[in-house]
Amino acid sequence: MKILIATPEAVPYVKTGGLADVAGALLKEYRRMKKKAYIILPLYKKIKEGQVPLRDTGVKIKIPLGDSGMEGRIFSDQFSAYFIRCDEFFDRQELYGTPQGDYIDNASRFIFFSRGIIEACKALNFKPDVIHCNDWQTGLVPLYLKTIYGADKFFKDTATLLTIHNLGYQGLFLSSELPIAGLGWELFNPEGIEFYGKVNFLKAGIVSAAILTTVSNTYAKEILNKELGFGLDGVLRKRETDLYGVINGIDYEEWDPSKDKFIPENFNIKNLKGKAVCKKQLVKEVSLDKEERPLIGIVGRLSLQKGLDLVIQSIDELLSLGVNLVILGKGNEVFHSSFSEIAKKYKGRVSVTIGFEEPLAHRIYGGSDFFLMPSRYEPCGLGQLIALRYGCIPIARRTGGPVDTIQDYESLTSKGTGFLFSDHTPSAMQDAIKRALCVYTDMNKMHKMVINAMRMDFSWKKSAERYIELYSMAIKQRAKSKGQGGLG
Ligand code: ADP
């Protein structure tokens, strides 16, 4: 089985969020399983300037964009990654936009990329059995394979699977983008890719991929309902029998407290002395006061989804409970300024770093006692998985991935790996933190909980095997549907 992972980001090449970890770690797991797996990404400026040496394959592609067209050139690395170069689109500081907003030509950029993936396969004479698409940036791929390339013999055996990492990001554009994508107006209806008068790239994938997945079982159910369906719940309900939840893993080599090069002292389940050193150094590094205070870490995108407005609203109550906070994040301008003000006001109690800093993220997971995730919704969430591995106890809202990966602590039995709360309110979050602090004050209980957390296994093995099963299903479906046109 030849697998092509089509993704707008992947570690170690480029990362803005969890999708990059997932795509990169999945590829690595497939290599370990000796699968024929490849990955394809846009060649962003950050990849060009990065550590991975690239090779120019000399292969060129030409992608029509409305009346004009754009050329791309395929690069590769020493392994099995391909990159589509088109400097006009991808030689930019960021991947999708700046804190002020998305790049205005994102539709053209990802039409080019999606069609480029298909053209690159042809130009490289590479016939994948399955293209594993990820998020809206590759949502047009399954649709192209059913329409423009529907009769192309080259792809007669190519099946598609689309993973929805976050339904909140759909790639919504003006209908005038449709001719630029080369797609006909017959697709512009509610059964096709229209979404309230706009073109929806994620919906294109949802209506046309053979198999759909999302990144946890709970989220797979949540997106079928109005509340978290972001207007696509109806379309998803129609495809419910093809929709599966596959929980993300984390790369156990990259995230390993016993080998991690970014933390000041390594530790493991049998010897937690290093964890205390990590806390001590972290407190010093980010200039917080007393080390004996419970330390709550936050690492993540600063967006409304992550629910950090609850932290902003609760700051006085949290500090009166005696905790210190260390926050690392990047995203929305409004959060940048609120958190920066809080850090100024509560020097020594709250540390805020605005930016994307991998080494500091490792040290926060390694050195904090608790990891706070008050997300409004959370498809899977990697933060809590990493936190568990580093014995940093997650405190999270009861939604999506956290429900499937964190066992809520029960004081009667002293069992559990974290603390969950249901209502998205400051008081519900504060109550969960108070429960956590009750455990913190009992050294034995806290120690037991840290051990329980670190014992959890969220490596990729099981989930990668599940994807392979689903690819086989997609391939079977493809074989059955041969000759059939249309969507769905
Ligand atoms: P998202 O919704 O952003 O994809 P996830 O929890 O799935 O959230 O994944 C976030 C990943 O990105 C984690 O590996 C986390 O450690 C990392 N991360 C998020 N923000 C930052 C940051 N500012 N600096 C370093 N790493 C970050």
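FYI, it's all coordinate maths here, none of it is from the lab. Since this is a predicted model, take the numbers as computed values, not measurements. All Cβ positions, glycine included, derive from the backbone under ideal geometry; neighbour counts span all protein chains shown.
The stretch between Glu469 and Arg237, if pulled fully straight at 0.36 nm per residue, gains 81.3 nm over its current Cα-Cα span. Considering only Phe339, Ile433, Ser208, the residue lying farthest towards the positive end of the dipole of the chain is Ser208, judged by Cα position with unit charges set on Cβ. Taking the centroid of alpha carbons for each part, segment 301-337 and segment 47-115 are 35 Å apart. For segment 1-120, the fraction of alpha-carbon pairs lying more than 16 Å apart is 61 percent, rounded to a whole number.
In segment 418-488, one over the average inverse separation of all distinct C-alpha pairs is 16.8 Å, which is the Kirkwood hydrodynamic radius. Under the criterion of Cα pairs below 8 Å and six or more residues apart, the relative contact order for the chain equals 14 percent. Tilt of helix 18-32 relative to the longest C-alpha principal axis of the chain, in degrees (0 to 90, nearest 10)? Between helix and principal axis, roughly 70 degrees. The modelled label-to-label distance between Val52 and Leu174, using points 7 Å beyond Cα along the C-beta direction, is 3.5 nm. Note on segment 22-90: Cα-Cα pairs beyond 19 Å make up 40% of the total pair count. Treating the angle as unsigned and between 0 and 90°, give the value, to the nearest 10°, between the Cα long axis of helix 443-455 and the longest Cα principal axis of the chain. That helix lies at roughly 20 degrees to the long axis. In whole angstrom, note down how far apart the Cα centers of segment 170-234 and segment 421-470 are. When both Cα centres are located, 33 Å separates them.
Based on Cβ point charges of +1 for Lys and Arg and -1 for Asp and Glu, what charge dipole magnitude is obtained for segment 273-455 about its Cα centre, in debye rounded to the nearest 20?
500
In plain terms, if you count all Cα to Cα distances in segment 118-252 and split them into 5 Å steps from zero, the share in each step is 2, 10, 20, 23, 19, 14, 8, 3, 1, 0 percent. Apply the Debye scattering formula to segment 54-201, with a single equal point scatterer on each alpha-carbon and no solvent, then give log10 I(q)/I(0) at q = 0.08, 0.09, 0.16, 0.21 Å⁻¹. Result of the Debye calculation: -0.22, -0.28, -0.93, -1.61. Sorted from greatest to least, the principal axis extents spanned by the alpha carbons of segment 273-455 come out as 42, 33, 30 Å. Relative to the longest principal Cα axis of the chain, at what angle does helix 106-123 sit, 0 to 90 degrees, rounded to 10? Compared with the principal axis, the helix lies near 60 degrees.
Give the shape of segment 204-305 as rounded, prolate or oblate, defined through the alpha-carbon gyration tensor: a ≥ b ≥ c are the square roots of its eigenvalues, a/c under 1.5 means rounded, and otherwise the shape is prolate if a/b is larger than b/c and oblate if not. Taking the square roots of the gyration eigenvalues as a ≥ b ≥ c, segment 204-305 is prolate. Given the Cα-Cα distance of Glu186 and Glu357 and 0.36 nm per residue of separation, how much length would full extension add, in nm? Here the segment from Glu186 to Glu357 would lengthen by 57.0 nm.
In this structure, Asn271 and Ser414 have a Cβ-Cβ separation that, at R0 = 22 Å, corresponds to a calculated FRET efficiency of about 0.50.
The slack between Asp431 and Lys284, meaning 0.36 nm per residue of separation minus the straight C-alpha distance, is 50.1 nm. What you get for the chain, charging only the Cβ of Lys and Arg (+1) and of Asp and Glu (-1), is a dipole of about 1320 debye around the Cα centre. For an R0 of 35 angstrom, estimate the FRET efficiency from the Cβ-Cβ distance between Glu333 and Asn225 and round to the nearest 0.05. So the FRET efficiency works out to roughly 0.65.
In what order do Ser337, Ser76, Ser114 fall by count of nearby beta-carbon atoms within 10 Å, going from fewest to most?
Lowest count first: Ser337, Ser76, Ser114.
Have a look at Gln51, Ile63, Phe112 and report the one farthest towards the positive end of the charge dipole of segment 1-143, computed about the Cα centre with Cβ charges (Lys/Arg +1, Asp/Glu -1). It is Gln51.
If I take all pairs of Cα atoms in the chain, what percentage of them are more than 41 Å from each other?
Pairs farther apart than 41 Å: 20 percent.
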